Amino acid sequence: MTLLYYDPRFLDHDTGNHPERADRLRYVMAELNSRGLADRCQRNAWQPADRQRLTSLHTATHVDSLEQLAQRGGGLVDPDTVVSAQSVDVAKLAVGAVCDAVVQVLTDDQRSALCLVRPPGHHAMPDRAMGFCLFSNVALAAQAALEHGAERVLVVDWDVHHGNGTQACFYDDPRVGYFSVHRWPFYPGTGDVDETGVNDGLGATCNLPLPYGIARSEYHSAVAGELESFADHIKPELVLVSAGFDSHRADPVGSLGLEVEDFQTLSALVTDIADTHAQGRVVSVLEGGYNPSVLAECVATHLEHLLGRS
């Protein structure tokens with residue numbers, strides 16, 4: 001059985017009429033409920049991340065500045081990123097969810113988890129928020145896995161945007177392999193092929209930038225070849241997925257021409273890698289996807305695959 005992490009409090013991150021808004025999760029949960037997928041999952045209670053967890057990767061100044069902004073009622077932390085009065089509490093709840101999922105998958109019989117959280121995280125840098133993201137959810141999950149005894153973790157980021165925040169958190173750390181396939185050139189301007197890590201982390205980052213208009217078959221061929229080779233190099237004990245669905249052709253923010261069924265192919269590729277290297281252990285975390293109805297279909301397809309192998 002797959003663990004499902006969702007809480008209605010994730011809707012309290014109030015961004016107004018913004019691409020990353022609460023309707024994203026409303027549509028997703030309605031779709032999962034209508035298909036009976038949510039009922040097939042196990043649901044656990046969890047606690048929000050505490051300050052010690054957040055500052056394991058983020059600076060204390062970053063955490064303090066977000067908390068102070070929320071206490072003042074909120075505002076913009078960059079031109080794209082909204083903080084409301086409840087946003088920091090919601091973001092802490094999101095980090096707590098992904099970290100609990102990692103511990104559960106590493107220690108229990110569950111092989112997979114899907115975390116339907118917001119705000120997303122993969123652009124959040126150690127010292128600042130950006131790109132709709134406040135805290136680096138997946139990076140903090142990887143850190144929790146290392147602290148829980150995992151020696152090697154693989155992050156697979158298939159969001160249409162490069163996850164500059166996740167990359168920055170482990171750019172010099174050989175224990176966390178970071179793989180990103182993303183549209184190029186595109187926001188945030190990072191993720192070129194020559195970004196492969198530094199010092200002890202050299203070779204533990206693999207970026208696959210792809211052009212707008214690439215054929216779907218070419219996309220999958222490129223991802224499979226690069227990711228399988230990289231996973232053989234990392235040999236992970238846990239696979240984390242930054243599951244962004246904004247590479248769908250109908251996404252208003254991203255788009256790389258993909259269809260709903262392409263996320264079934266990506267899901268199968270990732271779980272095959274987890275089966276080969278990590279005893280099947282996968283924790284998937286929602287990132288982008290800004291057409292709510294399309295996002296709901298894509299997430300349902302992804303969860304159906306996870307449930308089909310549980």
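Restricted to strands (runs of 3 or more DSSP E) entirely inside segment 104-190, those with at least 1 residues that are over 15 Å from the mean Cα position of the chain (by Cα) and surrounded by fewer than 24 Cβ atoms within 10 Å (Cβ to Cβ) are 176-183.
Of the residues making up segment 17-37, those that are farther than 13 Å from V299 by Cβ and not in a helix (DSSP H, G or I) number 7. Candidates are the residues of segment 272-310 that are part of a loop (DSSP other than H, G, I, E, B) and closer than 17 Å to S247 by Cα; the one that is nearest to the chain's Cα centre (by Cα) is E287.
Here is the figure for segment 38-52: residues that are in contact with a helix residue (DSSP H, G or I) (Cβ under 7 Å, 6 or more places away or on another chain), without any contact (Cβ under 8 Å) to a residue 60 or more places away in the chain and assigned to a loop (DSSP other than H, G, I, E, B) total 3.
Listed here are the residues, each with its yes/no results for (1) in contact with a Pro (Cβ under 9 Å, 6 or more places away or on another chain); (2) more than 27 Å from R53 (Cβ to Cβ); (3) not acidic (D, E).
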site	(1), (2), (3)
H148	no, no, yes
W184	yes, yes, yes
T190	no, no, yes
N207	no, yes, yes
G225	no, yes, yes
P236	no, no, yes
L240	no, no, yes
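Summed over segment 235-288, residues that are surrounded by fewer than 19 Cβ atoms within 10 Å (Cβ to Cβ), touching a Ser or Thr at 6+ places or on another chain (Cβ under 7 Å) and under 24 Å from A94 (Cβ atoms) total 0. In segment 54-70, is there at least one residue being without any contact (Cβ under 8 Å) to a residue 24 or more places away in the chain, surrounded by 16 or more Cβ atoms within 10 Å (Cβ to Cβ) and closer than 23 Å to Y187 by Cβ? Among the residues of segment 54-70, at least one is without any contact (Cβ under 8 Å) to a residue 24 or more places away in the chain, surrounded by 16 or more Cβ atoms within 10 Å (Cβ to Cβ) and closer than 23 Å to Y187 by Cβ, which makes the answer yes.
Laboratory data are not the source of any read-out in this text; all were calculated from the coordinates shown. All values reported here derive from a predicted model rather than from experimental measurement. Cβ coordinates were reconstructed from backbone atoms using ideal geometry, including for glycine residues, and neighbour counts include every protein chain displayed.
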